[in-house]
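The values are calculated or read from the model by the stated rules, or taken from the named source; none is laboratory data. Small disclaimer: the values here were computed from a predicted structure and weren't measured. When we count neighbours, we look across all protein chains shown, and the Cβ atoms used for this are built from the backbone with ideal geometry, even at glycine.
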Amino acid sequence: MDSFQQTLFKLKRYWDERGAIIQEPYDVEVGAGTMCPETFLRVLGPKPYRVAYVQPSRRPADGRYGENPNRLYKHQQLQVILKPSPDDILDQYLGSLEAIGIDLSKHDIKFEEDNWESPTLGAWGIGWQVMLDGLEITQFTYFQQCGGIDLDLVPAEITYGLERLVAFLQGVESVYDIEWTKGVKYADVRLADELQFSVYNFEMANVERLWRLLGEYEAECKELLAKYPDYPDKQRFPVLATYDQVLKCSHLFNLLDARGAISVTERVGVIKRVRDLAVGTAKIWADQQA
Amino acid sequence: MNFLLEIGTEEIPHWMIPGALKQFAAMNLFGAAVEVDATPRRLVVRASGLPEMTSSSQELIPGPAISAGEKAAAGFARKWGVLVDDLKINDGRYSFLKMSYGSPVRNLLTETLPEAIKALPWPKTMYWEETGFRFIRPIRWIVALLGDQVIPFELAGVKSGSVTRGHRKLGSSAIPVTFATYESELRKNFVILSADERRRKIVAEISALGAKADADLVETLTFITEYPTAIRGDFDAAYLELPAEVLTTVMRHHQKYFSVESTAGKLAPHFVAVMNTSGDPEGLVKRGNERVLKARFNDARFFWDVDQQKKLADRVEDLAKVTFQAKLGSYLEKTNRVVALVDELGGNAHAQRAALLAKCDLTTEMVKEFTDLQGIVGGLYARHQDEHEAVAKAIYDHYQPLSMEGDIPSTHEGRIVALADKLDTLRGCFAVGLVPTGSKDPFALRRAAQGVVKILVEAKLEYKLGDLASGELREFLLDRIQYYFREIRGFKYDEVNAVLASGCGTLTDVEARLTALAAVRPTEDFEPLAASFKRIQNILKQAGFEPKDVLDEELLEDGPERDLYGDFVRVRDAARGESYRRALEQIASLRPRVDTFFDKVLVNAKVERVRNNRLTLLHNLLTEFSTIADFSEIVTSGEQK
């Protein structure tokens with residue numbers, strides 16, 4: 001039986017063999033691997049790109065103090081982007097499952113309709129959730145639009161839910177029982193995070209300050225966006241740094257949401273504030289690529 | 001010649017496939033009978049007896065008359081690209097003999113097939129390759145054969161050919177086929193092409209495993225699999241402590257499993273899953289599904305326990321944080337309105353309590369996870385938290401009826417709360433202009449209105465339509481009332497129109513009048529009388545008649561006119577206090593008198609007073625006897641709408 005990290009190595013190797021850049025996780029908080037610049041920005045523009053990376057994804061509202069065996073504040077996704085999507089992409093994907101030891105002739109695989117949409121990113125795509133013996137193990141999406149921009153080359157995005165997948169492979173019922181590496185359980189590595197961040201996110205995060213921070217990051221982002229039109233050397237313009245501000249805003253929004261601090265009337269408005277930043281940043285990136 | 005078209009795709013959403021096939025079945029293949037079928041990965045059209053060539057034809061197109069002269073003839077000839085000498089003379093006109101020569105059908109199909117594929121309507125399409133072709137999911141191969149030859153074309157970068165693919169894991173990915181071998185080759189490669197056959201296989205296997213039939217789920221699984229095989233799994237009987245509604249929802253909606261009952265209405269600790277493969281000899285799929293279900297059930301138990309830490313009654317204020325609709329505010333505001341409306345409708349204390357708590361389950365973990373269980377979870381929690389049974393039941397039922405065929409809530413309190421909830425949604429949305437148009441009805445207002453109608457009629461609630469709704473909403477409800485009586489209750493459309501044309505008070509009254517009308521309709525006198533009423537209406541309209549004077553008995557002419565009046569008075573008095581049916585029979589009995597009147601009496605009398613008196617008589621007849629139904633709306637034999 002492979003450990004958590006051995007399975008990860010195999011998946012990374014599999015996509016390495018298929019020409020993907022193997023990236024490390026992004027170092028700003030994100031709610032999903034899609035939000036990393038390696039996906040959100042790279043899918044824009046005419047340049048082909050292939051990348052795979054593990055991304056720890058933070059969803060404050062999903063925290064359960066480490067008490068729920070299947071739900072995590074921070075779970076890990078393996079994100080694969082193949083732009084443009086090759087014709088045999090689904091076969092390649094199924095091959096990756098074989099590569100981590102799943103004999104598909106003995107299992108039941110179904111592709112069930114599940115289209116993806118992110119209002120905060122102005123992004124959507126068409127795809128499926130992949131079901132293995134009744135377990136959703138992957139989200140597969142053909143991106144159609146990102147940052148409100150139609151894509152030149154349609155990428156395939158494969159998002160593996162690693163905890164679920166490995167729990168399936170190891171036959172354990174709680175993610176905390178996953179063997180991370182020999183003699184070390186998932187709980188040994190991650191349980192404290194789950195408990196403490198749940199306490200912080202739900203009980204202690206200072207709502208007033210979070211709002212202020214959201215305003216600050218937003219202001220920084222807006223100021224940068226406003227400077228682009230007159231900025232002389234476009235290639236030098238720090239659009240990547242601008243995008244970091246968007247991610248900060250998005251994460252602060254999620255924190256405030258988990259704190260129950262965003263009222264009904266405010267919610268739509270805050271989502272729009274973040275989307276405007278994301279869309280503005282995407283336009284600049286696309287412009288730089290053109 | 002035989003024809004085969006297979007569009008090989010990545011997995012198409014199951015619910016869209018039947019609609020696409022319907023469109024394909026209408027494909028014009030030179031008169032040949034078309035047969036369609038599909039799996040999630042292929043849309044298939046087959047036909048036999050196509051001609052090799054289309055037949056040639058000629059058509060004589062008439063042009064200008066000879067008398068129009070040479071110039072006109074020249075213009076006509078130019079239009080058809082010929083000389084005047086090439087024109088024929090026919091029937092005194094220059095004419096052009098247009099010849100159409102037959103074309104090879106294969107060539108025509110080369111052009112029309114891509115168009116036919118493009119024209120398939122899908123709810124939402126995507127693009128995936130350079131040509132920007134839009135389809136429901138990527139097309140990966142195309143088989144297009146006429147006889148033993150490929151019909152050559154290219155679509156979305158895919159060239160048509162004669163090679164298909166089998167089941168993703170059990171079949172070959174390159175199978176040369178002909179029209180004759182196509183279906184059997186697929187079968188050898190673990191694809192059952194016929195949806196009917198897959199459906200039958202599923203039904204037979206799940207019932208052999210003791211599953212409870214569920215037509216919707218069977219349909220879903222039929223179009224989600226290429227080679228369906230059912231297996232049975234088990235779960236720990238300890239989970240049976242959770243409400244059956246929760247367990248069934250988890251199995252059915254989240255896992256697409258069938259539930260199994262030990263005795264009628266009692267769940268057994270088993271489930272039946274349908275795989276997209278041929279078997280599970282090592283039990284791996286069974287174990288995998290069991291583990292997923294256990295995790296799901298654990299979640300449900302966790303939600304149940306967490307939710308009990310805060311009673312429904314303590315969650316009312318939390319509804320301020322749940323949006324009902326951006327323009328209509330939160331569910332707390334909605335709740336307050338519904339409670340007031342329940343009060344206004346005369347709902348008792350239990351109904352009011354239920355209205356107050358009805359939406360609180362929206363704040364629970366259970367409903368956040370299993371949204372289909374809204375209302376049901378609230379009802380179950382209310383019971384668990386020792387609310388009165390009438391309150392719990394009303395909350396449980398208040399989203400009903402969910403469809404036109406669905407049941408209305410089973411208790412009076414439930415009906416009042418359901419009615420108030422739906423009415424509030426309708427009033428609110430109409431007030432801010434969220435009115436359904438065409439197929440767009442994002443707030444399911446038609447369903448809400450349908451629910452209102454169904455509850456009012458079937459619970460025999462005595463509220464007047466005019467008191468519940470006005471203006472545009474009243475019209476919207478009237479439309480649904482018509483629909484209900486026509487489509488669900490099977491009344492004829494003209495009967496429904498006739499009854500509604502004489503007013504709509506309570507729906508129980510509408511129902512009573514309709515029932516009476518439908519019963520009296522087939523009697524001999526009825527339709528002729530209806531025709532006479534239409535005639536009366538026309539006469540009054542043509543005369544521009546405005547009722548001013550009361551009828552003057554002195555002015556009545558002896559004979560048919562006085563007889564008619566006498567019967568009118570008799571029937572009027574006799575019908576008072578009678579059942580609608582009796583009253584209609586009485587009215588119908590007037591028929592001979594009315595006929596004689598029109599035969600013998602000239603309405604348009606010379607003396608104005610007499611004329612007006614006659615019109616008054618007819619007017620009285622019409623108004624007095626149109627309160628049950630407006631007979632002029634009845635379509636009588638001889639006229640067809």
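Name the pairs whose Cβ atoms lie under 6 Å apart, with the first residue in region B:279-306 and not assigned by TED's automatic domain parsing to the domain that holds residue B:365, the second acidic (Asp, Glu) and crowded, with 21+ Cβ neighbours inside 10 Å, and 6 or more positions between them or separate chains?
B:285/A:108; B:285/A:133; B:286/B:280; B:288/A:133; B:289/A:133
Any chance you could count how many residues in region A:249-289 are within 22 Å of residue A:124 (Cβ to Cβ) and away from chain B (no Cβ under 14 Å)?
Qualifying residue count for the region: 21.
Does residue A:186 count as free of Cβ contacts under 8 Å to residues at least 12 places away in the same chain, more than 14 Å from chain B (Cβ to nearest Cβ) and at negative phi?
So residue A:186 fails the test.
If residue B:416 satisfies every condition in (1) surrounded by fewer than 16 Cβ atoms within 10 Å (Cβ to Cβ); (2) touching a residue at least 12 places away in the same chain (Cβ under 8 Å) but one, which is the exception?
The single condition residue B:416 does not satisfy is (1).
Starting from region B:390-406, take each residue that is surrounded by 18 or more Cβ atoms within 10 Å (Cβ to Cβ) and list its partners that are in a loop (DSSP other than H, G, I, E, B) and charged (D, E, K, R), counting only C-beta distances under 7 angstrom and pairs at least six apart or across chains.
As it stands, the answer is B:400/B:407; B:401/B:407, since those pairs meet every condition given.
Return the residues of region B:531-552 that are in a helix (DSSP H, G or I) and not aromatic (Phe, Trp, Tyr); say none if nothing qualifies.
Scanning region B:531-552 gives B:531, B:532, B:534, B:535, B:536, B:537, B:538, B:539, B:540, B:541, B:542.
Every residue in region B:339-378 that is in contact with a Gly (Cβ under 9 Å, 6 or more places away or on another chain), under 15 Å from residue B:242 (Cβ atoms) and part of a helix (DSSP H, G or I), please.
Across region B:339-378, the qualifying residue is only B:367.
With the requirement that a residue be surrounded by 16 or more Cβ atoms within 10 Å (Cβ to Cβ) and outside any helix (DSSP H, G or I), what does region B:558-600 give you?
Of everything in region B:558-600, those that are surrounded by 16 or more Cβ atoms within 10 Å (Cβ to Cβ) and outside any helix (DSSP H, G or I) turn out to be B:589, B:590.
Scanning region A:108-124 for residues that are out of contact with any helix residue (DSSP H, G or I) (no Cβ under 9 Å at 6 or more places or on another chain) and more than 8 Å from chain B (Cβ to nearest Cβ), which turns out farthest from residue A:136 (Cα to Cα)?
A:124
Would you point out the residue of region B:118-140, among those that are touching a helix residue (DSSP H, G or I) at 6+ places or on another chain (Cβ under 9 Å) and more than 11 Å from chain A (Cβ to nearest Cβ), that is modelled with the highest pLDDT?
Result: B:133.
Among B:165, B:140, B:134, which is within 30 Å of residue A:152 (Cβ to Cβ) and without any contact (Cβ under 8 Å) to a residue 24 or more places away in the chain?
B:134 is the lone residue from the list that is within 30 Å of residue A:152 (Cβ to Cβ) and without any contact (Cβ under 8 Å) to a residue 24 or more places away in the chain.
Looking at (1) modelled with pLDDT under 90; (2) over 30 Å from residue B:610 (Cα atoms), which one does residue B:537 not meet, given that it meets all the others?
Result: residue B:537 fails condition (2) only.
Need the failing condition index for residue B:293 against (1) buried (at least 19 other Cβ atoms within 10 Å of the Cβ); (2) more than 9 Å from chain A (Cβ to nearest Cβ); (3) not basic (Lys, Arg), just the number.
Every condition holds for residue B:293 apart from (2).
How many residues does region A:203-247 contain that are assigned to a loop (DSSP other than H, G, I, E, B) and buried (at least 17 other Cβ atoms within 10 Å of the Cβ)?
2
Here are some conditions: (1) within 19 Å of residue B:290 (Cα to Cα); (2) at pLDDT 95 or above. Residue A:135 meets all but one. Which one does it not meet?
Here residue A:135 meets the rest and fails (2).
Which condition number does residue A:92 fail, the rest of (1) over 28 Å from residue B:296 (Cβ atoms); (2) at pLDDT 95 or above; (3) facing another protein chain (nearest Cβ under 10 Å) being met?
(3)
Here are B:387, B:365: which of them is more than 24 Å from residue B:336 (Cβ to Cβ), in contact (Cβ under 8 Å) with a residue 60 or more places away in the chain and among the charged types (D, E, K, R)?
B:365
Among what's in region B:167-188 and is farther than 16 Å from residue B:43 by Cβ and touching a strand residue (DSSP E or B) at 6+ places or on another chain (Cβ under 6 Å), pick the residue that is surrounded by the fewest Cβ atoms within 10 Å (Cβ to Cβ).
By that ranking, first place goes to B:174.
Answer yes if at least one residue in region B:307-315 is surrounded by fewer than 16 Cβ atoms within 10 Å (Cβ to Cβ), in contact with a Leu (Cβ under 8 Å, 6 or more places away or on another chain) and more than 10 Å from every other protein chain (Cβ to nearest Cβ), and no otherwise.
yes
Answer yes or no: is there a residue in region A:127-138 that is at the interface with chain B (Cβ under 10 Å from one of its Cβ atoms) and charged (D, E, K, R).
Yes; the residues of region A:127-138 include at least one that is at the interface with chain B (Cβ under 10 Å from one of its Cβ atoms) and charged (D, E, K, R).
Look at residue B:280 and say whether it is under 30 Å from residue A:172 (Cα atoms), in contact with a Ser or Thr (Cβ under 6 Å, 6 or more places away or on another chain) and either facing another protein chain (nearest Cβ under 9 Å) or not small (Gly, Ala, Ser) (or both).
no
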